[in-house]
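Asks: Shown below is the structure under consideration.
The values are calculated or read from the model by the stated rules, or taken from the named source; none is laboratory data. Because the structure is a prediction, the values reported are computed rather than measured. Positions of Cβ are generated from backbone atoms using ideal geometry, with glycine treated the same way; all protein chains shown enter the neighbour counts.
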Amino acid sequence: MTVGSGPITVVIADDQAMVRAGFGALLDAADGISVLGDAADGAAAVDQVRRLRPDVVLMDVRMPHRDGLWAAEKIVADGGPTRVLMLTTFDIDDYVYSALRIGASGFLLKDAPADELVRAVRVVAAGDALLAPSVTKRLIERVTARTARAPTAAVRTLTPREVEVLVTVADGKSNAEIAGELFVSEQTVKTHVSNMLTKLGLRDRAQAVVFAYENGLK
């Protein structure tokens, strides 16, 4: 998704009123970001997203009644423009891994500095995945270690170059970094990433990381 000329719009979903207020104040104070609303549980978050159609929803993993995982699945399944950025207290969380598989665009620790929160919203709104390499690697390795990690037939639909790009995406590298490593242009990398995601039926880079680990490419 490409954000237009207007501000990046956000909905905040968290069961703690102080967290919603604090994050809302931080984001509203940032240049080019506007908070449209908030929600105290997953069901309310889904309703808000369907009504307001924000660019990004900050989604707490654990909420009463309907949790963030349930809400993320509903929002992604709707096929709308909203990107889901999961919020978690712990950097190792099976629920976050599940959210990435569903189609969330990344996750952020709730105690992250203010500038990191603002950056995260901008990154996700721009259509990129927010994947802190060290944390994400530990998270995914913890879960995929429990299952067989053999390449599926889907991997064979990729060209050798697309496999290379997939592996570097799984390393958390940006398009510019991948271009430098593979000695190609950044536009070429973007094309490879787009083709790779389409062939594998993946929503974004976050799901590509999970796919790479689950298929033994990392």
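Asks: Among the candidates L100, L87, single out the residue that is farther than 16 Å from R50 by Cβ and part of a helix (DSSP H, G or I).
Replies: Going through L100, L87 in turn, the sole match is L100.
Yes or no, residue by residue, for (1) acidic (D, E); (2) outside the structural domain of R119 (by TED's automatic domain parsing); (3) not in a loop (DSSP other than H, G, I, E, B):
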| residue | (1), (2), (3) |
| --- | --- |
| R20 | no, no, yes |
| G24 | no, no, yes |
| V35 | no, no, yes |
| A44 | no, no, yes |
| D47 | yes, no, yes |
| M59 | no, no, yes |
| P64 | no, no, no |
| K74 | no, no, yes |
| G79 | no, no, no |
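Asks: Where residues in region 170-193 are polar (S, T, N, Q) and not in a helix (DSSP H, G or I), which of them is surrounded by the most Cβ atoms within 10 Å (Cβ to Cβ)?
Replies: Going through the qualifying residues, I end up with S174.
Asks: Could you tell me which numbered condition E141 fails, if it satisfies all but one of (1) closer than 15 Å to A206 by Cα; (2) surrounded by 17 or more Cβ atoms within 10 Å (Cβ to Cβ); (3) touching a Phe, Trp or Tyr at 6+ places or on another chain (Cβ under 9 Å); (4) modelled with pLDDT of 65 or more?
Replies: Every condition holds for E141 apart from (2).
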